[in-house]
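Take a look at the structure below.
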There are 6 protein chains.
Amino acid sequence: MPTKPISRFPVPDIAELPEDLRARILAVQEKSGFVPNVFLALAHRPDEFRAFFAYHDALMDKEGGITKAEREMIVVATSGANECQYCVVAHGAILRIRAKNPHLADQVAVNYRKADITPRQKAMLDFAMKVSRQAERVGDEDFAAMRAQGFTDEETWDVGAIASFFALSNRMANLTNMRPNDEFYLLGRVPKEAAPR
Amino acid sequence: MPTKPISRFPVPDIAELPEDLRARILAVQEKSGFVPNVFLALAHRPDEFRAFFAYHDALMDKEGGITKAEREMIVVATSGANECQYCVVAHGAILRIRAKNPHLADQVAVNYRKADITPRQKAMLDFAMKVSRQAERVGDEDFAAMRAQGFTDEETWDVGAIASFFALSNRMANLTNMRPNDEFYLLGRVPKEAAPR
Amino acid sequence: MPTKPISRFPVPDIAELPEDLRARILAVQEKSGFVPNVFLALAHRPDEFRAFFAYHDALMDKEGGITKAEREMIVVATSGANECQYCVVAHGAILRIRAKNPHLADQVAVNYRKADITPRQKAMLDFAMKVSRQAERVGDEDFAAMRAQGFTDEETWDVGAIASFFALSNRMANLTNMRPNDEFYLLGRVPKEAAPR
Amino acid sequence: MPTKPISRFPVPDIAELPEDLRARILAVQEKSGFVPNVFLALAHRPDEFRAFFAYHDALMDKEGGITKAEREMIVVATSGANECQYCVVAHGAILRIRAKNPHLADQVAVNYRKADITPRQKAMLDFAMKVSRQAERVGDEDFAAMRAQGFTDEETWDVGAIASFFALSNRMANLTNMRPNDEFYLLGRVPKEAAPR
Amino acid sequence: MPTKPISRFPVPDIAELPEDLRARILAVQEKSGFVPNVFLALAHRPDEFRAFFAYHDALMDKEGGITKAEREMIVVATSGANECQYCVVAHGAILRIRAKNPHLADQVAVNYRKADITPRQKAMLDFAMKVSRQAERVGDEDFAAMRAQGFTDEETWDVGAIASFFALSNRMANLTNMRPNDEFYLLGRVPKEAAPR
Amino acid sequence: MPTKPISRFPVPDIAELPEDLRARILAVQEKSGFVPNVFLALAHRPDEFRAFFAYHDALMDKEGGITKAEREMIVVATSGANECQYCVVAHGAILRIRAKNPHLADQVAVNYRKADITPRQKAMLDFAMKVSRQAERVGDEDFAAMRAQGFTDEETWDVGAIASFFALSNRMANLTNMRPNDEFYLLGRVPKEAAPR
């Protein structure tokens, strides 16, 4: 079967990128062992690349608030609803690693209502999905439902902002036909020693 | 995190099942190394169990026509659209094995339009998705589009019938909260020798 | 105006069918006075025919549980939502007969919320419609709503399973352009002695 | 089973209606043998009654243009999509009579794409349904499709205006829980001599 | 940029219209300073014109019940949902004038849930939107919600009837490509002395 | 009628903001005569503020490609579909100014298909709306339609990226109940000398 390219648009040579982009890409390669294609696809537009990852980091790497695994749940659930292949596969891998659970990502991507999550996490994903798919209807009753599960309003901002940012991210991935790296599919599924070389 | 049960309904003891159900279940266990939960969940109703698997086998095990891997693509794509966790996870595993491709199932489950498939397979999944989601609109133009890709009308029946059968199957899985077995998640992802014990 | 054929696919000669199909068809003809076209259209695929009617009988002819008229209400309501001409016309006739009510089927097919049914039947159809159209969202609260109306969980399985089976049936009818027999339109509308010969 | 009232709102006594309403109602009773409930339900608001029937007559009784049977097809198809029980049952009866066809109304109400109609009538109903359900998307290409089937733009206005008027009518019927008269269900289904007294 | 015509259909010369239409048009011109295009576009069909405006007046000019400004809110909110450019622009102007509020119409047209309205008005628009977009689901619980906000059932009829009438009106405007007059855009936005001549 | 606050979340005092945010806000105030509320609402989260406006500027202030007015058309059309009050009102004002057209924004917000735009702009908005509402379906045929209207693929990225960024922006505005400044409503509608003080 045919293999599709990384992006519908030209993918720049890393060596020719502006220094800050190259540094970021090499750092992620150093850490992960490969360069996730989102860096290559968006590097076609350096200014947008910088803003995209600054936004991403502000939401996903921020200290405090909901856990890192919960943030990835939001990404995977909303990206599933938006049919974004790149985000489901790539963030599915991160969710498996952060939650130390090899099954959760596939469950959440298909139907979070049936996943092995707590009622609190279910409420969080209900809110995230409403922001992702029907933000125009978000109202006081939705914030109240979050508070009833113990979320502060600041945490609810985090949940809604992550759903909003990936509304952008999912669209850019679908616009560019962004292809997930092969490496993501297996990450977090098997104990490291058993992973194929 | 909490682990959900196999089914919302009682799951019978294999030893107490009617002989034909027990024989079928033991045979699949012998072959697969485990009993897929769909057999246990549906065994709660032996008559429905028998009809369900007779229908399944008539469509999925039939000789000739579209390939076994293509049949699984139809299952995975339509089950993704119907948000059926059991079918995406279980048939995703079978698709990986039948297509000898560890990535295809995840791609097709999220967005078949972006998957590594041929234009002919894309047309097949367009047809299957129309039957699954808007069967009331299927018309001559859809059969013509299939013929333009070389499908016979009998093959188009197969495609539509598989989409129809899994419309039933997806609903039963969502009705019963059918839980995919842990074994499915990793099947077909790694060379057999590397799989964890 | 043009009259459309029974099926988009070839319709076999009854004399040339496998013995078990022929026997079943002759039995229904004996009982009803005509052969409903679903038997002819599906006889094109004997294995699928056998599984289809085995499943149908397991759900629709089973003793106990919700009444036969209520089962037909589920068929008519969900088939109306799925725009399945064959099922609305054919099962509309059966509903009229089973409910001994010449008006109910037309009401339920168009909008069950406005039909002459009890609140309990309204709840039953709410559940059936959710399984038919949004099964991925069925949850504990829906089972609770059924229990509040006195349905056992086993009866709720029946309701959901009938909605699921006709999700399949409606799609096969729309796929094959299955045509309702002329006889169905008037059945159960007039006292037998007044029916035209 | 319970029988629902004619309207959720008070139904006036014919004797106490303004003279013009009473005259119209008695005339229709004289002609039809019964008073269709839409007259009684809307008589609750005489000014709205007058405007409603003036609009109705301007579109449905107008000389020339598309046939009377075709106008009723538009009503039945769009009222089916809008789940308006009163309009499907009442205008279904009129369609049977005008088309001299006892089966057409049930076909068109459920899925006009599968009904025994000509390609020209199919195009007409495609247009009517677009006006009824997605008028915001009606554009030059839709008028071109009508012209390709031989409709003048004036006839296309008629088609669109009927779909528009019944968008109003369907909503009033659903708002008021307007109940179809029992008489409508059988009208046009049997030769007059065979109808029960 | 190109300027589109008043209507996709011929617009009659006022001098050649039937006397009653001409009188009505001249009266509105006298009062408003211009002839709103809806009068010109619908004058193409005098009988429909008469019924349309009779219906309009019965609902919008009626004494008592909900305020004139509230009626315009219903028009603007539902016309926004139906993407009717003419009605949003023209009735937006009337709403600004009737509510003596230069901002309310733009808020309500885009998302009434976020507009500067009272909870009672929010409930009124929830009801109107349900009639406009999902009338088939309107039920006792919706009337109860209106009563809880102090609306009589007669007022609820008004709300629903206005939503229903503009379901017709929006479709006719989209069918005919009815163009809002330039005058409407600024009406009610600036103190009269500051308006450009 | 009640006036709603700028944001559902706390709005910081400009004097207490980080220096770069304060500088940016004072610059926009200097230029526009007021501080658009989006700056105040997002200043609650300085890191997100920085990334948001960096992304905004990369897309909206970039030299070359589609015109500034066309970029605002994309914002207004997609924000209308997403029911984002802040973005329709604020960017509607900018569109009026950039297009030097007092009517275009209201037309595009309600239904761009009926607006006074060129066929090329219509195609651009068709593409933008598909990215905004159904990005998962964007494919080669959509890029081909853009090329047929003379857009380069780089310009098509711009169109899609703006639609994607405002998918984020619209959700943040709906999440925070962001309130448009009163000033926006009249901007670009009247010659400057006639605007009220």
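With respect to D:Ala105, determine if the residue is on the phi < 0 side of the Ramachandran plot, within 13 Å of chain E (Cβ to nearest Cβ) and open to solvent by less than 20 Å² (accessible area, probe 1.4 Å).
Details: on the phi < 0 side of the Ramachandran plot: yes; within 13 Å of chain E (Cβ to nearest Cβ): no; open to solvent by less than 20 Å² (accessible area, probe 1.4 Å): yes.
Criteria not met by D:Ala105.
Test A:Val76 against the stated conditions and say whether it is of a type in the set (A, V, I, L, M) and either within 14 Å of chain F (Cβ to nearest Cβ) or farther than 30 Å from B:Thr118 by Cα (or both).
Details: of a type in the set (A, V, I, L, M): yes; either within 14 Å of chain F (Cβ to nearest Cβ) or farther than 30 Å from B:Thr118 by Cα (or both): no.
Here the answer is no, as A:Val76 does not meet what is asked.
Residue-wise test of (1) more than 28 Å from A:Glu83 (Cα to Cα); (2) open to solvent by 10 Å² or more (accessible area, probe 1.4 Å).
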{"residue": "B:Leu17", "(1), (2)": "yes, yes"}
{"residue": "B:Leu21", "(1), (2)": "yes, no"}
{"residue": "B:Thr67", "(1), (2)": "no, yes"}
{"residue": "B:Met73", "(1), (2)": "no, no"}
{"residue": "B:Ala90", "(1), (2)": "no, no"}
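Looking at D:Arg98, D:Arg45, D:Arg113, D:Arg50, which one is within 23 Å of E:His56 (Cα to Cα), open to solvent by 40 Å² or more (accessible area, probe 1.4 Å) and not hydroxyl-bearing (Ser, Thr, Tyr)?
Values: D:Arg98 fails: within 23 Å of E:His56 (Cα to Cα); D:Arg45 fails: open to solvent by 40 Å² or more (accessible area, probe 1.4 Å); D:Arg113 fails: within 23 Å of E:His56 (Cα to Cα).
Just one listed residue meets the conditions, D:Arg50.
Conditions tested, residue by residue: (1) without any contact (Cβ under 8 Å) to a residue 60 or more places away in the chain; (2) away from chain B (no Cβ under 11 Å).
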{"site": "C:Arg137", "(1), (2)": "yes, no"}
{"site": "C:Ala144", "(1), (2)": "yes, yes"}
{"site": "C:Gly150", "(1), (2)": "yes, yes"}
{"site": "C:Val159", "(1), (2)": "no, no"}
{"site": "C:Phe165", "(1), (2)": "no, no"}
{"site": "C:Ser169", "(1), (2)": "no, no"}
{"site": "C:Asn177", "(1), (2)": "no, no"}
{"site": "C:Asp182", "(1), (2)": "yes, yes"}
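Every residue in segment A:135-158 that is over 23 Å from E:Asn111 (Cβ atoms), part of a loop (DSSP other than H, G, I, E, B) and of a type outside the set (Ser, Thr, Tyr), please.
Result: A:Gln149, A:Gly150, A:Phe151.
Mind counting the residues in segment F:1-15 that are within 30 Å of E:Gln121 (Cα to Cα) and open to solvent by 40 Å² or more (accessible area, probe 1.4 Å)?
The initial filter retains those residues of segment F:1-15 that are within 30 Å of E:Gln121 (Cα to Cα), namely F:1-11.
With open to solvent by 40 Å² or more (accessible area, probe 1.4 Å) added as a condition, the list becomes F:1-6, F:8, F:10-11.
Here the count works out to 9.
Pairs needed: first member in segment A:38-64, more than 8 Å from chain F (Cβ to nearest Cβ); second member anywhere, among the acidic types (Asp, Glu) and part of a helix (DSSP H, G or I); C-beta distance under 7 Å; at least 6 residues apart or different chains.
A:Leu42/A:Glu48
So, B:Arg71, is that one touching a residue at least 40 places away in the same chain (Cβ under 8 Å), assigned to a helix (DSSP H, G or I), on the phi < 0 side of the Ramachandran plot and away from chain C (no Cβ under 11 Å) or not?
Spelling it out, B:Arg71 is indeed touching a residue at least 40 places away in the same chain (Cβ under 8 Å), assigned to a helix (DSSP H, G or I), on the phi < 0 side of the Ramachandran plot and away from chain C (no Cβ under 11 Å).
Just need a number here: residues in segment E:135-157 that are surrounded by 15 or more Cβ atoms within 10 Å (Cβ to Cβ) and either within 22 Å of F:Gly92 (Cα to Cα) or of a type in the set (A, V, I, L, M) (or both).
4
Count, please, the residues in segment A:1-37 that happen to be within 14 Å of another protein chain (Cβ to nearest Cβ) and not hydroxyl-bearing (Ser, Thr, Tyr).
Of the residues in segment A:1-37, the ones within 14 Å of another protein chain (Cβ to nearest Cβ) are A:1-12, A:18, A:20-21, A:37.
Retained after the next criterion (residues that are not hydroxyl-bearing (Ser, Thr, Tyr)): A:1-2, A:4-6, A:8-12, A:18, A:20-21, A:37.
So the count comes out to 14.
Which is in a helix (DSSP H, G or I), touching a Lys or Arg at 6+ places or on another chain (Cβ under 7 Å), of a type in the set (Ser, Thr, Tyr) and open to solvent by less than 20 Å² (accessible area, probe 1.4 Å), of D:Ser164, D:Ser132? If you could, list the steps in order and put the result at the bottom.
On the way: D:Ser132 fails: touching a Lys or Arg at 6+ places or on another chain (Cβ under 7 Å).
Going through D:Ser164, D:Ser132 in turn, the sole match is D:Ser164.
Identify all residues within segment A:116-129 that are surrounded by fewer than 24 Cβ atoms within 10 Å (Cβ to Cβ) and either under 21 Å from F:Ala135 (Cα atoms) or charged (D, E, K, R) (or both); write none if there are none.
Result: A:Asp116, A:Arg120, A:Lys122, A:Asp126, A:Met129.
Scan (1) over 16 Å from the mean Cα position of the chain (by Cα); (2) modelled with pLDDT of 95 or more; (3) open to solvent by 20 Å² or more (accessible area, probe 1.4 Å); (4) more than 10 Å from chain E (Cβ to nearest Cβ) for the single condition D:Glu193 breaks and write down its number.
If we test D:Glu193 against (1) over 16 Å from the mean Cα position of the chain (by Cα); (2) modelled with pLDDT of 95 or more; (3) open to solvent by 20 Å² or more (accessible area, probe 1.4 Å); (4) more than 10 Å from chain E (Cβ to nearest Cβ), just (2) comes out false.
Answer yes or no as to whether C:Ala27 is without any contact (Cβ under 8 Å) to a residue 60 or more places away in the chain, open to solvent by less than 50 Å² (accessible area, probe 1.4 Å), among the small types (Gly, Ala, Ser) and out of contact with any Ser or Thr (no Cβ under 7 Å at 6 or more places or on another chain). Give the derivation first.
Values: without any contact (Cβ under 8 Å) to a residue 60 or more places away in the chain: yes; open to solvent by less than 50 Å² (accessible area, probe 1.4 Å): no; among the small types (Gly, Ala, Ser): yes; out of contact with any Ser or Thr (no Cβ under 7 Å at 6 or more places or on another chain): yes.
Here the answer is no, as C:Ala27 does not meet what is asked.
Residue by residue through segment D:75-87, note down the ones that are without any contact (Cβ under 8 Å) to a residue 60 or more places away in the chain and open to solvent by less than 10 Å² (accessible area, probe 1.4 Å).
Residues of segment D:75-87 without any contact (Cβ under 8 Å) to a residue 60 or more places away in the chain: D:76-77, D:80-81.
D:Val76, D:Ala77, listed by residue number.
Here is a list: B:Arg171, B:Arg189. Which entry is among the basic types (Lys, Arg) and not in a helix (DSSP H, G or I)? Break it down stepwise before answering.
Numbers: B:Arg171 fails: not in a helix (DSSP H, G or I).
One residue alone meets the criteria, B:Arg189.
I need the full set of residues from segment F:74-112 which are closer than 18 Å to E:Ala109 by Cα, outside any helix (DSSP H, G or I) and out of contact with any Asp or Glu (no Cβ under 6 Å at 6 or more places or on another chain), in order please.
Scanning segment F:74-112 gives F:Asn82, F:Cys84, F:Pro102, F:His103.
Taking the residues in segment A:108-132 that are among the hydrophobic types (A, V, I, L, M, F, W, C) and more than 8 Å from chain B (Cβ to nearest Cβ) as candidates, determine which candidate is farthest from the chain's Cα centre (by Cα). Before the answer, list the steps.
Our first condition is that a residue be among the hydrophobic types (A, V, I, L, M, F, W, C); within segment A:108-132, this holds for A:108-110, A:115, A:117, A:123-125, A:127-129, A:131.
Subset that is more than 8 Å from chain B (Cβ to nearest Cβ): A:108, A:123-125, A:127-129, A:131.
Working: A:Val108: 12, A:Ala123: 19, A:Met124: 16, A:Leu125: 14, A:Phe127: 17, A:Ala128: 13, A:Met129: 14, A:Val131: 15 Å.
Only one residue tops the list, namely A:Ala123.
From (1) more than 8 Å from every other protein chain (Cβ to nearest Cβ); (2) on the phi > 0 side of the Ramachandran plot, pick out the condition that doesn't hold for E:Leu187.
Looking at each condition in turn, E:Leu187 falls short on (2).
I'm told E:Phe9 meets every condition in (1) assigned to a helix (DSSP H, G or I); (2) touching a helix residue (DSSP H, G or I) at 6+ places or on another chain (Cβ under 7 Å) except one. Can you identify the failing condition by its number?
So the condition that E:Phe9 fails would be (1).
Which members of segment C:113-129 meet the condition of being in a helix (DSSP H, G or I) and either over 16 Å from D:Gln85 (Cβ atoms) or not charged (D, E, K, R) (or both)?
Taking segment C:113-129 and keeping what is in a helix (DSSP H, G or I), we get C:113-114, C:119-129.
C:Pro119, C:Arg120, C:Gln121, C:Ala123, C:Met124, C:Leu125, C:Asp126, C:Phe127, C:Ala128, C:Met129, listed by residue number.
The values are calculated or read from the model by the stated rules, or taken from the named source; none is laboratory data. Not measured: the values here are computed from a predicted model. Virtual Cβ from ideal backbone geometry, glycine too; neighbours counted across all protein chains shown. For the accessible areas, the whole protein counts, side chains as well, though only heavy atoms, and no ligand, DNA or RNA atoms are used. Shrake-Rupley method; radii C 1.70, N 1.55, O 1.52, S 1.80 Å.
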